[in-house]
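The values are calculated or read from the model by the stated rules, or taken from the named source; none is laboratory data. From a predicted model like this one, the values you see are computed outputs, not experimental measurements. Reconstructed Cβ throughout: ideal geometry from the backbone, glycine too, with neighbour counts over all protein chains shown.
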Amino acid sequence: MSRLRLLLPLLAACLLLAAPAAHGAGSGVVVSQVYAGGGNSGATYTNDFVELLNAGSASVDLSGWTIQYATAAGTSWQPTPLSGSIGPGQYYLVQLASGAAGGALPPADATGTTNLSTSGGKVALVSGSAALTCGATAGSCSSVAAVEDLVGYGSAASDYEGSGPAPALTSSTAAVRAGGGCTDTGSNAADFTAGTPSARSSSSPAASCGGSGSTPSSGASADAGVDVDIQPVLSIALERPSVSFGSAVAGDTPPPISERVTVVSNDAAGYMLTVHRSAFTPADLPLGVASSAPGGAEIGAALAGGARAAIPIAPAADLTIGTSSAPSAAGGDEWPTTLGFTGPLPVVPAGHYTATVTYTLIGR
């Protein structure tokens, strides 16, 4: 039977505002994604990046604005200048330092050379070009009027919005703001999760944030990732791994030997069971198969009435043993085949003769 795996990671959200929120609600522009693993071993992208989103209802001119970065405990900030404007629901991609591994980013809206740390750091969206000097303690940058949004990530981050920082990152994870970037409760810990990076730029489809850049302070939201792996089951088992007819002489017809075949299929349309073989060596012998069908299945035309049919030699087309128009029983369907010779053994040199018989189960 098929097995379904349903993974429901549950993400808790909190509203404890231990540090003041930054000023992103004023312009509606927020940091929607931070990726720091660019170019590292196992990286998704060759470049670090910061993604912005205008979650507000009006265009915002970013001329003279900067994205700034400081280390987890640092107060020395590295600015990257921005330009142009960002419309309602529009993303804006800032490409940063690069390395050797990973795929290419979409064409960026702004570029810089800042190298972000995966273990922890601070990213600020600033409506000015002067480098910040804040960040030594939680809430210190949120009180700066020019700071439009702040994301501290990693447990060692010394400044962040709200009750705590966003999680630390890896080469294959980014700090991803919930709601496609629209959720802004004023808490990095509540708004961000470590998720698969997916860089979006001004050329990407716009987000729909309902004309507001924040979630009301009386509520919160959380994302739950859901996936399912549907694994088709198609298996076949033989009664014995090898069949031996023992010793015989030319003119003998050795008694048939049972080789029961058990098949399991969850294909709603049913299945087909076929057989072929290789030629005997050092000379071929007339090997055949007989069978009957289990309940609900149909025997192949060549085997009807208990007939024994010659097994074709590959690459000739397989012989159809039988078919079913429904999935197998839970424990499988048993096909009671026997292997035997379709006539007396021919006159051949004495020796040990071998061949391989292959049963094949095909979903319909």
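Restricting attention to segment 235-259, the residues that are small (Gly, Ala, Ser) and without any contact (Cβ under 8 Å) to a residue 40 or more places away in the chain total 4.
Condition check for Gly39 on (1) modelled with pLDDT of 90 or more; (2) within 26 Å of the chain's Cα centre (by Cα): one failure, at (1).
Name every residue in segment 171-186 that is among the basic types (Lys, Arg) and not in a strand (DSSP E or B), in order of residue number. Don't jump to the end; show me each part of the working.
Initially, segment 171-186 is screened for residues among the basic types (Lys, Arg), giving 177.
Selection gives nothing.
On inspection, Thr133 fails the criterion of being assigned by TED's automatic domain parsing to the domain that holds Ala220 and under 20 Å from Phe49 (Cβ atoms). When we screen Val50, Val94, Val34, Val30 for residues that are buried (at least 20 other Cβ atoms within 10 Å of the Cβ) and in contact with a helix residue (DSSP H, G or I) (Cβ under 6 Å, 6 or more places away or on another chain), the only hit is Val30.
Just wondering, is there one or more residues in segment 260-277 that are exposed (fewer than 13 other Cβ atoms within 10 Å of the Cβ) and at pLDDT 95 or above? Checking segment 260-277: not a single residue is exposed (fewer than 13 other Cβ atoms within 10 Å of the Cβ) and at pLDDT 95 or above. All of (1) buried (at least 16 other Cβ atoms within 10 Å of the Cβ); (2) over 21 Å from Ser172 (Cα atoms) hold for Gly64 with one exception: (1).
Okay, residues lined up against (1) over 25 Å from Thr342 (Cβ atoms); (2) assigned to a loop (DSSP other than H, G, I, E, B):
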site	(1), (2)
Ala237	yes, no
Ser244	no, yes
Ala248	no, yes
Thr253	no, yes
Asp267	yes, yes
Thr274	no, no
Ala279	no, yes
Leu285	no, yes
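Among the residues making up segment 140-156, those that are of a type in the set (Gly, Ala, Ser) and outside any strand (DSSP E or B) are Ser140, Ser142, Ser143, Ala145, Ala146, Gly154, Ser155, Ala156.
Within segment 43-93, the set of residues being in a strand (DSSP E or B), out of contact with any Lys or Arg (no Cβ under 7 Å at 6 or more places or on another chain), of a type in the set (A, V, I, L, M) and more than 17 Å from Lys122 (Cα to Cα) comprises Leu53, Val60, Ile86.
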